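Engineer: Pasting a structure here, questions to come.
The values are calculated or read from the model by the stated rules, or taken from the named source; none is laboratory data. It should be emphasised that the depicted structure is a prediction, and the values quoted were computed from it without experimental measurement. Cβ: placed from backbone, ideal geometry, glycine included. Neighbour counts: every protein chain shown. What goes into the accessible areas is simple: the full protein's heavy atoms, side chains included, and nothing from ligands, DNA or RNA. Shrake-Rupley method; radii C 1.70, N 1.55, O 1.52, S 1.80 Å.
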Amino acid sequence: MSHDPIAGALAEDIGQGDLTSLYFIPAALRGSARIFAKEPAITAGADTAAEVFQRVDPSLAVRIITGAGQPLAPGQTVLEVSGSVRSILTAERVALNFLQRLSAIATLTRRFVDATAGASAIILDTRKTTPGLRILEKAAVRAGGGHNHRFGLYDMVMVKDNHLAADPAAYAGTLRDHLALFRRDHPNVKVEVEADTLDQVRAFLAIPGIDIILLDNMTLAQMREAVALRAASPVKLEASGGVTLATVRDIALTGVDFISSGALTHSAGSIDFSLELLPA
């Protein structure tokens, strides 16, 4: 199912028309404006904000000054726009909403990436995204230096605790059978299985067809032991659960390959941006 987040946001905000601009801004008035940061940030969503202005009025001229992944200082310009002042002000809030949300995700992601500098672990996002904004939010994670986990239920297998609980016989061999059947139909799709204990790690390492084992809410000691158990196996290890800026470096130093955190998208907050009309 296709989804256009920009169209949805504009329809939600403008409705039948921007009454304030229509009645209080002359139709012929033209001018220029800039959007600037009011706090330090990593840029994401400038292209989306530019598209918002173009959707409202294709005649607007928009120039991105600071692109995705670039640092911003307070007062620094992200983009400039010129043309109909009515159109600029109509598009203002939706453009800012995208920019403040996506830049916050990029900024938080960069903090996680910086916290693990020197370790080999890769920072991953999750599916804990705002409904309808997943593509944009995952792009923001990339702008911050992180990597994307699966985009949805369709591009990777993730066998979690509830899947295993639904099939109590899984450890008696049915998981192995399910994997064999899946591999027959989808030989190139990655398979990840969640482990809550080291016994599960041992069991999963012995089952062919598993690409990644997710270490769910394990202690640092358990993670280190899981890394030792994995030894020369090609299976990758992902740490998840309770990952914060205070803990992520210690987790990375255990030797896991990936660290996933839903906080990158569900707890990023917003970065403060403002639009100002420029003197003629």
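Engineer: Would it be correct to say that residue 264 is open to solvent by less than 10 Å² (accessible area, probe 1.4 Å), touching a strand residue (DSSP E or B) at 6+ places or on another chain (Cβ under 9 Å) and in a helix (DSSP H, G or I)?
Structural biologist: Yes: the conditions hold for residue 264.
Engineer: Go through region 131-152 and report how many residues are among the aliphatic types (A, V, I, L, M) and in contact with a strand residue (DSSP E or B) (Cβ under 8 Å, 6 or more places away or on another chain). Give the steps one after another, and end with the answer.
Structural biologist: Our first condition is that a residue be among the aliphatic types (A, V, I, L, M); within region 131-152, this holds for 133, 135-136, 139-141, 143.
After this cut, where a residue has to be in contact with a strand residue (DSSP E or B) (Cβ under 8 Å, 6 or more places away or on another chain) as well, the list is 141, 143.
Final tally of qualifying residues: 2.
Engineer: Against the definition (closer than 28 Å to residue 111 by Cα, assigned to a loop (DSSP other than H, G, I, E, B) and among the hydrophobic types (A, V, I, L, M, F, W, C)), how does residue 256 come out, yes or no?
Structural biologist: yes
Engineer: Would you check which residues across region 1-19 are over 27 Å from residue 64 (Cα atoms) and either assigned to a helix (DSSP H, G or I) or modelled with pLDDT under 95 (or both) and list them?
Structural biologist: 1, 19
Engineer: For residue 239, are the conditions met, namely being under 20 Å from the mean Cα position of the chain (by Cα), buried (at least 21 other Cβ atoms within 10 Å of the Cβ), aliphatic (A, V, I, L, M) and assigned to a strand (DSSP E or B)?
Structural biologist: Yes.
Engineer: Same structure again: Residue check, residue 84 against (1) touching a residue at least 40 places away in the same chain (Cβ under 8 Å); (2) open to solvent by 40 Å² or more (accessible area, probe 1.4 Å); (3) under 25 Å from residue 8 (Cβ atoms); (4) of a type in the set (S, T, N, Q), all met but one. Which one?
Structural biologist: It is condition (2) that residue 84 fails.
Engineer: Is it true that some residue in region 28-37 is open to solvent by 10 Å² or more (accessible area, probe 1.4 Å), farther than 30 Å from residue 247 by Cβ, assigned to a loop (DSSP other than H, G, I, E, B) and of a type in the set (A, V, I, L, M)?
Structural biologist: Yes, that holds for at least one residue.
Engineer: I've got another one for you. Which residues, counting only those in region 60-99, are among the β-branched types (Val, Ile, Thr) and either closer than 25 Å to residue 268 by Cβ or in a strand (DSSP E or B) (or both)? Steps first, answer last, please.
Structural biologist: Start the filter on region 60-99 by keeping residues that are among the β-branched types (Val, Ile, Thr), which leaves 62, 64-66, 77-78, 81, 85, 88, 90, 94.
Of everything in region 60-99, those that are among the β-branched types (Val, Ile, Thr) and either closer than 25 Å to residue 268 by Cβ or in a strand (DSSP E or B) (or both) turn out to be 62, 64, 65, 66, 77, 78, 81, 94.
Engineer: I've got another one for you. For residue 270, all conditions in the list (1) assigned to a loop (DSSP other than H, G, I, E, B); (2) under 21 Å from residue 118 (Cα atoms) hold save one; what is the number of the exception?
Structural biologist: Result: residue 270 fails condition (2) only.
Engineer: Select the helices (runs of 4 or more DSSP H) contained entirely in region 100-212, then report the ones holding at least 2 residues which are surrounded by 13 or more Cβ atoms within 10 Å (Cβ to Cβ) and of a type in the set (A, V, I, L, M, F, W, C).
Structural biologist: Qualifying helices (runs of 4 or more DSSP H): 134-143, 174-185, 198-205.
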